[in-house]
Amino acid sequence: MTTWVFEGTVVPAGDIARLEFGAGEADVLPGRFGVPGLVDSHCHLTMGPGENGPRMFGADYANERLGELAAAGVSAVRDVGGNRAVTLKLATTEDDGRPLVLAAGRFLAPAGRYFPGMYEPVAPEELLAAVETEIADGATWLKLVGDFPEVGPDGPIRGSAMAQTYETDLIQAVVELAHTRGARVAAHVNTPIVSELIRVGVDSIEHGTSITEQDLEALGARGGAWTPTLCASVGSHKSDTPEQEQRRRARSEYLASMLSLAVRYGVRLLTGSDVVGSVAGEVALLVRHGLTVDQALAAASTSAQEYLGLTGDGNLVTYDADPREHPAVLARPAAVVLNHRRIS
Ligand SMILES: [Zn+2]
């Protein structure tokens, strides 16, 4: 065992401190700035990029991803959908050598309304039983696909209309059941039905590119969360046409205006890598969309820990430069202590 010693500034709080944690011989960590562990609140440990959208992977892939996340300073992940056999096992097994995993298990979506091959469709009449099963098998979150484009054999049909997946009353029943069992609901949603989902008590809005001021006010008033996954929503692709580029810019501006309102109404903002980004990248994007660095850093660490019911105990990521002045340093930790063990 080692007693880790850190002398410097703890961010985002900003206190100058000497931290000592662990037991045994003292070892001073490099770096003058420290964060008590980053949180990837929208992660898919078993999904990777494929030719036509995401591909599903198994335990080896998930463990490799966890290793990469740990080296990047992530001490906890919320897996919001994927290969349930892998993610629920990770969520119900203790292992100090990797980040803590909270998992939602499978994607809850009906036939034809999610990426083919990424899920077993759940018919509306089977939805509540599926929720019970996920929770019984260790899910502390549920991942509901709230809306999705039409899907063909090659995946989502470009330009097809996004439609609501399940009736609002049924979604309300999912939320009530989850809450009765001590679980929470995260919903993938990009259309204005986000207002309905917030009205019926969904805890955490994922993407939420059509969220409105009224929605944010309602969500903030009951301590709800929003994971905007800017990496996925405003990321550009080489193949983008000028029209797509134009739409992306408009979306970016809209989300910036909503993010400042989210802060004003006390909505819990979270950072997530989804399948295409990283926590450090998401912090940079949040700052580019108008958040202060402190707010973005809290979304990626202490505020997320508090929302997810975790502490940063035993975790510290240090940096040579101040991430509040240079958010890019988040991608280059000087040292990472995960569950009392120095891993890089
Ligand atoms: Zn996702």
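Among the conditions (1) among the aliphatic types (A, V, I, L, M); (2) touching a helix residue (DSSP H, G or I) at 6+ places or on another chain (Cβ under 7 Å); (3) farther than 26 Å from residue 139 by Cα, the only one that residue 256 does not satisfy is (2).
Yes/no matrix, rows are residues, columns are (1) of a type outside the set (Phe, Trp, Tyr); (2) modelled with pLDDT under 95; (3) in a loop (DSSP other than H, G, I, E, B):
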position	(1), (2), (3)
61	no, no, no
64	yes, no, no
68	yes, no, no
76	yes, no, no
81	yes, no, yes
85	yes, no, no
88	yes, no, no
95	yes, yes, yes
98	yes, no, yes
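The helices (runs of 4 or more DSSP H) found entirely in the range 153-256 that carry 1 or more residues being out of contact with any strand residue (DSSP E or B) (no Cβ under 6 Å at 6 or more places or on another chain) and more than 16 Å from the ligand (Cβ to nearest atom) are 168-180, 194-199, 213-221.
I'm checking my understanding of the structure. Among residues of the range 22-40 that are farther than 16 Å from residue 90 by Cβ, touching a residue at least 40 places away in the same chain (Cβ under 8 Å) and part of a strand (DSSP E or B), which one is farthest from the ligand (Cβ to nearest atom)?
27
The residue that is most open to solvent (accessible area, probe 1.4 Å), counting only those in the range 296-341 that are hydroxyl-bearing (Ser, Thr, Tyr) and not in a strand (DSSP E or B), is 311. Being open to solvent by less than 10 Å² (accessible area, probe 1.4 Å), outside any helix (DSSP H, G or I), over 17 Å from residue 31 (Cβ atoms) and within 16 Å of the ligand (Cβ to nearest atom) is not true of residue 277. When residues in the range 1-17 are screened for being open to solvent by 60 Å² or more (accessible area, probe 1.4 Å), under 24 Å from residue 299 (Cα atoms) and touching a residue at least 12 places away in the same chain (Cβ under 8 Å), 2 of them pass. If the condition is being open to solvent by 20 Å² or more (accessible area, probe 1.4 Å) and in contact with a Ser or Thr (Cβ under 7 Å, 6 or more places away or on another chain), then the range 255-273 contributes only 268.
Would you check if there is a residue in the range 54-77 being under 24 Å from residue 312 (Cβ atoms) and within 13 Å of the ligand (Cβ to nearest atom)? The answer is yes, given that some residue of the range 54-77 is under 24 Å from residue 312 (Cβ atoms) and within 13 Å of the ligand (Cβ to nearest atom). The listed residues are 128, 45, and the only one of them that is open to solvent by less than 70 Å² (accessible area, probe 1.4 Å) and touching a strand residue (DSSP E or B) at 6+ places or on another chain (Cβ under 7 Å) turns out to be 45.
Out of (1) open to solvent by 10 Å² or more (accessible area, probe 1.4 Å); (2) part of a helix (DSSP H, G or I); (3) within 16 Å of the ligand (Cβ to nearest atom), what's the single condition that is false for residue 282? Of the numbered conditions (1) open to solvent by 10 Å² or more (accessible area, probe 1.4 Å); (2) part of a helix (DSSP H, G or I); (3) within 16 Å of the ligand (Cβ to nearest atom), the odd one out for residue 282 is (1). Contact map, the range 264-291: residues that are among the hydroxyl-bearing types (Ser, Thr, Tyr) paired with residues that are modelled with pLDDT of 95 or more and open to solvent by 30 Å² or more (accessible area, probe 1.4 Å), Cβ distance under 6 Å, separation 6+ or inter-chain. Pairs shown: 265/217. Scanning the range 138-171 for residues that are of a type in the set (Asp, Glu) and farther than 15 Å from residue 195 by Cα, we see that the one that is least open to solvent (accessible area, probe 1.4 Å) is 150. Hey, can you tell me all the residues within the range 41-59 that are touching a Phe, Trp or Tyr at 6+ places or on another chain (Cβ under 9 Å) and part of a loop (DSSP other than H, G, I, E, B)? Hits for the range 41-59 are 45, 46, 52.
Per-residue answers, yes or no, for (1) modelled with pLDDT under 95; (2) under 26 Å from residue 341 (Cβ atoms):
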site	(1), (2)
234	yes, no
237	yes, no
254	no, no
266	no, no
274	yes, no
282	no, yes
313	yes, yes
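For the range 229-243, the criterion of being under 27 Å from residue 322 (Cα atoms), within 20 Å of the chain's Cα centre (by Cα) and buried (at least 24 other Cβ atoms within 10 Å of the Cβ) is met by at least one residue.
The values are calculated or read from the model by the stated rules, or taken from the named source; none is laboratory data. Remember, it's a predicted structure, so these values are computed and weren't measured experimentally. Don't worry about glycine lacking a Cβ; one is built from the backbone with ideal geometry, like all the others, and counts go over all protein chains shown. Ligands, DNA and RNA are excluded from the accessible area calculation, which covers all protein heavy atoms including side chains. Shrake-Rupley method; radii C 1.70, N 1.55, O 1.52, S 1.80 Å.
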